[in-house]
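Encoded as structure tokens, the structure appears first; notes follow it.
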Amino acid sequence: MKVKVLGTQSPYSTEGHHCPGFLVTKGETKILLDCGSGINSLLNFPEDLKNLNIIISHLHRDHYSDLFNLFYASAVFKRQGRLNDKINVYLPSTPELTYKDICSEKDSYANIDVINQDKEIKINDIKITFSKNDHPVETYSVKITDGKKTIVYTSDVSYSSKDKLVKFSSNADLLISEASLLVSHGFPEICNHLTAKQAATIAKDANVKKLVLTHFWPEENLDRYLDEAEEVFDNVFVAIEKMIIE
Ligand SMILES: [Zn+2]
Ligand SMILES: [Zn+2]
């Protein structure tokens, strides 16, 4: 499995930096984890629409706003005869108004399915499972495994979900964790997001092999996230757009 970093910051995109998106590929199969604003610019159209499965971890706009343009592109490429199979989109069913808005999009060539705590998606030899997080809307961490390697993407999560997340990501080869905050930002320990230190603590307690931090505040220096995480966990990197993780 290979991971291409498409978007690493929130809540808005800036030149060369996009809202959340990670493209996992194995052979012909593609799994797009979140579809934040700007990430379409790093996809190859229409090739990347083929065998594409999109997982939207939660319905906060920084995680799904490029989905509408991608839908529209799928409809156009279908009309042009350049896309034969529908893309598959998996997302939570709440908040209901947002969910219905996405499902009601007519200019699209997509199947839509709901995710929940018990959902299991199988694509060839790949299995995808979910763990519900504490966050202001229905939000899931996502685990992708092919039986040999395991990738866990935390999505947005409060540190109150720590124990659950440690269990879910136990012994993973790669943990892609949000690290929206730094300890020096002064937020309470339990809020809607993780600090880099909390992400590193989860990685350490879960005994993961590698930690990649993401979901950065656009005005913050990335070295500060790295420095804070390295105090707790050694094998840590900051995600940067276009980076490929083998
Ligand atoms: Zn977010
Ligand atoms: Zn969120």
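I'd like the full set of residues that are touching a residue at least 12 places away in the same chain (Cβ under 8 Å) and open to solvent by 30 Å² or more (accessible area, probe 1.4 Å), limited to the stretch 119-128.
Of everything in the stretch 119-128, those that are touching a residue at least 12 places away in the same chain (Cβ under 8 Å) and open to solvent by 30 Å² or more (accessible area, probe 1.4 Å) turn out to be LYS119, ASN124, ASP125, LYS127.
Could you grab me the full set of residues in the stretch 77-113 that are open to solvent by less than 50 Å² (accessible area, probe 1.4 Å), part of a helix (DSSP H, G or I) and over 27 Å from THR129 (Cβ atoms)?
Across the stretch 77-113, the qualifying residue is only PHE77.
Pull up the stretch 38-48, narrow it to residues that are within 22 Å of PRO218 (Cα to Cα) and either within 16 Å of ligand 2 (Cβ to nearest atom) or part of a loop (DSSP other than H, G, I, E, B) (or both), then point me to the one that is least open to solvent (accessible area, probe 1.4 Å). Outline the logic, then answer.
The first filter runs over the stretch 38-48 and keeps only residues within 22 Å of PRO218 (Cα to Cα), leaving 38-43.
This time we only want the ones that are either within 16 Å of ligand 2 (Cβ to nearest atom) or part of a loop (DSSP other than H, G, I, E, B) (or both), so: 38-39, 43.
Details: GLY38: 22, ILE39: 0, LEU43: 17 Å².
Checking each candidate, the answer is ILE39.
When you check ASP62 against the structure, is it at pLDDT 95 or above, within 16 Å of ligand 1 (Cβ to nearest atom) and under 21 Å from VAL238 (Cα atoms), yes or no?
yes
Considering only the stretch 6-37, state which residues are away from ligand 2 (no atom under 16 Å from the Cβ) and crowded, with 24+ Cβ neighbours inside 10 Å.
LEU6, VAL24, ILE31, LEU32
Per-residue answers, yes or no, for (1) within 15 Å of ligand 1 (Cβ to nearest atom); (2) acidic (Asp, Glu); (3) under 17 Å from the mean Cα position of the chain (by Cα); (4) open to solvent by 10 Å² or more (accessible area, probe 1.4 Å):
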| site | (1), (2), (3), (4) |
| --- | --- |
| LYS149 | no, no, no, yes |
| LYS167 | no, no, no, yes |
| ASN171 | no, no, no, yes |
| ALA179 | yes, no, yes, no |
| PRO188 | no, no, no, yes |
| HIS193 | yes, no, yes, yes |
| ASP205 | no, yes, no, yes |
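Condition check: in a loop (DSSP other than H, G, I, E, B), more than 20 Å from SER57 (Cα to Cα) and touching a strand residue (DSSP E or B) at 6+ places or on another chain (Cβ under 9 Å). Does PHE237 satisfy that?
no
Evaluate the following for SER184: is it in contact with a helix residue (DSSP H, G or I) (Cβ under 7 Å, 6 or more places away or on another chain) and either at pLDDT 95 or above or surrounded by fewer than 15 Cβ atoms within 10 Å (Cβ to Cβ) (or both)?
So SER184 does not fit the description; no.
Assess whether TYR140 counts as being open to solvent by 20 Å² or more (accessible area, probe 1.4 Å), within 16 Å of ligand 1 (Cβ to nearest atom) and of a type in the set (Ser, Thr, Tyr). Outline the logic, then answer.
Working: open to solvent by 20 Å² or more (accessible area, probe 1.4 Å): no; within 16 Å of ligand 1 (Cβ to nearest atom): yes; of a type in the set (Ser, Thr, Tyr): yes.
So TYR140 does not fit the description; no.
Would you confirm whether or not the stretch 77-90 contains a residue that is closer than 24 Å to PRO136 by Cβ and touching a residue at least 40 places away in the same chain (Cβ under 8 Å)?
Checked the stretch 77-90: no residue is closer than 24 Å to PRO136 by Cβ and touching a residue at least 40 places away in the same chain (Cβ under 8 Å).
The values are calculated or read from the model by the stated rules, or taken from the named source; none is laboratory data. This is a predicted model, so every value here is computed, not measured. Heads up, the Cβs are rebuilt from the backbone with ideal geometry, glycines too, and the neighbour counts pull from every protein chain shown. Just the protein is used for accessible areas: all its heavy atoms, side chains included, with ligands, DNA and RNA removed. Shrake-Rupley method; radii C 1.70, N 1.55, O 1.52, S 1.80 Å.
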